[in-house]
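Here, each number is a calculation from the coordinates, and none is a lab measurement. As the structure is a computational prediction, the values presented were derived from the model and not from experiment. Methodologically, a virtual Cβ is constructed for each residue, glycine included, from the backbone with ideal geometry; neighbour enumeration extends over all protein chains shown.
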């Protein structure tokens with residue numbers, strides 16, 4: 001007799017299909033970054049590696065913070081799909097694309113003051129800063145493509161067209177690896193070559209997404225949708241959600257940026273060691289974000305359809321999946337540090353001492369995996385205010401006091417404890433808010449039965 005899943009878990013085949021493709025495509029982003037680090041980490045002068053680690057802080061603000069465009073577009077699109085509203089699906093992409101394009105062009109116009117301000121705040125020797133400026137000045141030209149890609153990825157994920165996202169990732173990140181090899185190793189452009197390779201690869205991914213867009217939209221509804229793009233009431237609702245999710249990304253990247261900046265103040269070797277460990281952390285985070293985006297998509301879809309009895313089972317499956325992935329990456333790094341980090345650099349002064357801090361990957365990646373799934377759940381419900389409050393508490397109470405202590409006492413272990421505390425605080429605050437959403441679903445179901 002064939003095994004049949006309980007009704008509230010019948011989403012599992014759909015979840016596995018979407019999560020596997022989304023996690024794989026998302027994982028390629030940090031893998032390409034790790035390749036950047038590996039190429040630079042094997043150059044004779046370590047300042048190129050340290051300079052790019054430092055410059056990446058600015059792009060964490062310019063790009064990773066603006067990933068709210070992806071998350072908000074995904075949530076709005078998924079709920080529109082659940083409501084079977086084709087025009088609303090198209091409008092979700094058009095309105096978000098307009099915002100992304102304007103922000104991207106603004107970054108290009110303000111690139112010089114952004115660069116000056118950023119490196120005035122960051123800590124690093126003049127040689128490291130010069131290498132970081134070269135990287136920044138080249139990579140920043142990819143800003144419009146990066147932000148439009150965020151929107152396209154969120155829109156395609158909301159429509160459960162993960163194969164398009166996978167194709168964009170393969171072309172974008174695959175070309176980044178090839179261009180890195182050419183520009184860093186063959187042409188000898190070092191930090192500037194790494195920045196140019198990343199920017200060019202983003203435009204190749206954008207072209208892929210736009211071509212896919214042309215083949216997947218319903219052209220007959222486009223004229224009516226264009227007339228409603230500037231519906232200010234709808235735009236206001238969209239921007240409120242985006243602003244709350246923006247705060248989430250801003251708090252996260254601020255924590256990592258302060259972490260990296262304090263690392264730089266502790267010396268070039270600590271900066272390089274922490275930078276390499278963060279590459280492993282980012283590999284885990286981007287991978288489980290693929291699972292989180294699937295949870296966010298299905299949460300929005302289930303809510304749109306009124307299929308709320310599946311939401312908590314979906315969250316449970318998402319948490320278990322992400323914890324397994326995160327701990328697998330952390331345990332591998334802790335057990336085989338020489339192999340893992342030897343691939344990234346041949347500077348023994350860095351690789352020999354990194355073992356002192358690899359153990360922090362276990363609690364950091366473990367709590368991060370749970371926190372990210374809870375964040376995806378609340379974004380899928382479009383409860384941006386709850387998420388905003390959680391990350392602000394985590395940043396100001398969970399992370400910042402420990403970061404200041406690490407800087408004052410010059411202790412790297414306290415600095416890592418601050419990141420762990422940040423993720424733990426988010427997990428606790430969102431976990432406390434979880435029963436409230438369950439109660440709201442139960443009340444909704446009761447009222448629906450009564451009305452029938």
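Sorted largest first, the spans of the alpha carbon positions of the stretch 110-232 along the three principal axes are 56, 37, 19 Å. Once both labels are positioned 7 Å from their Cα atoms along Cα-to-Cβ, the gap between residue 116 and residue 161 label points is 4.3 nm.
Counted residue by residue at 0.36 nm each, then reduced by the alpha carbon distance between them, the extension gain from residue 433 to residue 178 reaches 87.2 nm. Between residue 307 and residue 410, the distance separating the two model label sites (each 7 Å from Cα on the Cα→Cβ line) works out to 5.9 nm. Using the Cβ-Cβ distance between residue 7 and residue 83 with R0 set to 25 Å, the FRET efficiency works out to roughly 0.70. Modelled spin-label separation between residue 228 and residue 213, with each label point placed 7 Å from Cα along the Cα-to-Cβ direction: 1.9 nm.
As a rough footprinting exposure proxy, the listed residues 187, 286, 215 were ranked by other beta carbons within 10 Å of their own, and the order from fewest upward is 215, 187, 286. Over the stretch 257-371, the alpha carbon radius of gyration divided by the compact-protein estimate 2.2 N^0.38 Å works out to 1.31.
Extension gain, residue 324 to residue 186, is 45.7 nm, computed as 0.36 nm per intervening residue step minus the present C-alpha separation.
Can you give the translational diffusion coefficient of the stretch 259-320 in µm²/s, computed by Stokes-Einstein from the Kirkwood radius over Cα pairs at 25 °C and 0.890 mPa s? Don't skip to the answer; put the middle values down first.
Values: Rh = 14.0 Å.
For these conditions, the coefficient is 175 µm²/s.
For the stretch 7-443, state what percent of all Cα-Cα pairs lands in each successive 10 Å bin, counting from 0 Å until the bin that includes the largest distance. All Cα pairs, binned at 10 Å, distribute as 5, 22, 33, 27, 11, 3, 0 percent.
Over all distinct Cα-Cα pairs of the stretch 187-292, the Kirkwood formula returns a hydrodynamic radius of 18.4 Å.
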